[in-house]
Amino acid sequence: MIKHIAFGAFLLISGLFFAQNTAMSAAEAKAFVSRISSETKGIKTLQSDFTQTKKMDFLDKSIVTYGKMTLKTPNMLSWKYTKPYQYSIVFRDNKIFINDQGKKSSVDAKSKTFEKINKLIVGSSNGQMFNDPEFSVAYFKNGTSNLARFTPKSSQLLKYIKQIELHFPKNQSAVSQVNMTEASGDTTNIMFKNTKINAPVSASDFSL
């Protein structure tokens, strides 16, 4: 159950829909990282509606869920699923707080896996995810987006996550899509829309 929560949350933050991607040159990758890191420094809050599609080998149909993601720097993150069920995951004060349709619980987030998951999601709003030593990063581009593809170096994370992609629309700094492949081969795709940057957020967004 904890593994499932970690996967959901980290995407959470974040199916594979590969376009015709071309690897960036070293100069292009450097310019991309520099731009994203610079433009996201001013982000204090980030809010977005999301659609999450999960494909699992043992299911014929994908699982599609909807909700709202809210982030407040430096380290508060909330994923609240609203359809077809209500489920909330909040990262706050080095803990993961969970509300599963009224059943509340908490998990210590000081373990390395949870710490890295939280760090990478939050890092997508400030450019710091490019500097995480436990991931190798490759950069790609296509006609509509720039992509950062993360591969875990840590054997602990590799037990759960094979690869994560963050999509950035051309000339935008906020992530529009997260694709993740788990070690099992299952995939999760999260599409963000109606993104608001530095709009006021309520304390209730990080409560259960």
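Observations, loosely collected:
- The HN-Hα couplings worked out from phi for the stretch 22-31 by the Karplus form 6.51 cos²θ - 1.76 cosθ + 1.60 (θ = phi - 60°) are 10, 5, 6, 6, 4, 5, 5, 4, 4, 5 Hz, whole numbers, x standing for Gly and Pro.
- Taking label positions 7 Å along the Cα-Cβ direction at both residue 183 and residue 158, the computed distance is 1.0 nm, reported to one decimal.
- Amide hydrogen proximity for residue 44: with H placed 1.01 Å from N in the peptide plane, the residues at 5 or more positions away or on another chain lying under 5 Å are 198.
- Summed residue charge, Cβ within 11 Å of residue 67's Cβ, Lys/Arg positive, Asp/Glu negative: +2
- Secondary-structure-derived ellipticity at 222 nm for the chain, considering helices only, amounts to -5500 deg cm²/dmol, per-run term -39500 (n - 2.57) for DSSP H runs with n ≥ 4.
- Theoretical gain in end-to-end length, residue 68 to residue 94 [0.36 nm per residue, Cα-Cα removed]: 7.3 nm
- Listed by chain and number, the aspartates and glutamates placed with their C-alpha closer than 15 angstrom to that of residue 95 are 108, 115; residues fewer than eight positions away on the same chain are left out.
- Overall Cα dimensions of the chain, principal axis frame, Å, largest first: 50, 41, 31
- Set of aspartates and glutamates near residue 72 by C-alpha distance (under 14 Å), chain-local residues within fewer than 8 positions excluded: 93, 205
- Residue exposure sequence - 71, 59 - by fewest surrounding Cβ within 10 Å: 59, 71
- Taking amide H as placed 1.01 Å from N in the peptide plane, the amide H of residue 135 sits under 5 Å from that of 153, each at least 5 places away or on another chain.
- The order of 201, 90, going from fewest to most other C-beta atoms within 10 Å of their C-beta, is 201, 90.
- Each residue, residue 207 and residue 30, gets one label point 7 Å from its Cα in the Cβ direction; the gap between the two is 5.0 nm.
- Taking a straight Cα-Cα cut-off under 20 Å and skipping sequence neighbours fewer than 8 places away in the same chain, the lysines within cross-link reach of residue 30 are 41, 141, 170.
- Given 68/119; 44/153; 61/196, the pairs whose alpha carbons are separated by over 23 Å: 44/153; 61/196
- Modelled this way, with points 7 Å down the Cα-to-C-beta line, the labels at residue 20 and residue 104 are 5.3 nm from one another.
Each reported figure results from applying straightforward, stated rules to the coordinates on display, with no laboratory input. On a predicted model such as this, the values are computed, not experimentally measured, just so you know. Methodologically, a virtual Cβ is constructed for each residue, glycine included, from the backbone with ideal geometry; neighbour enumeration extends over all protein chains shown.
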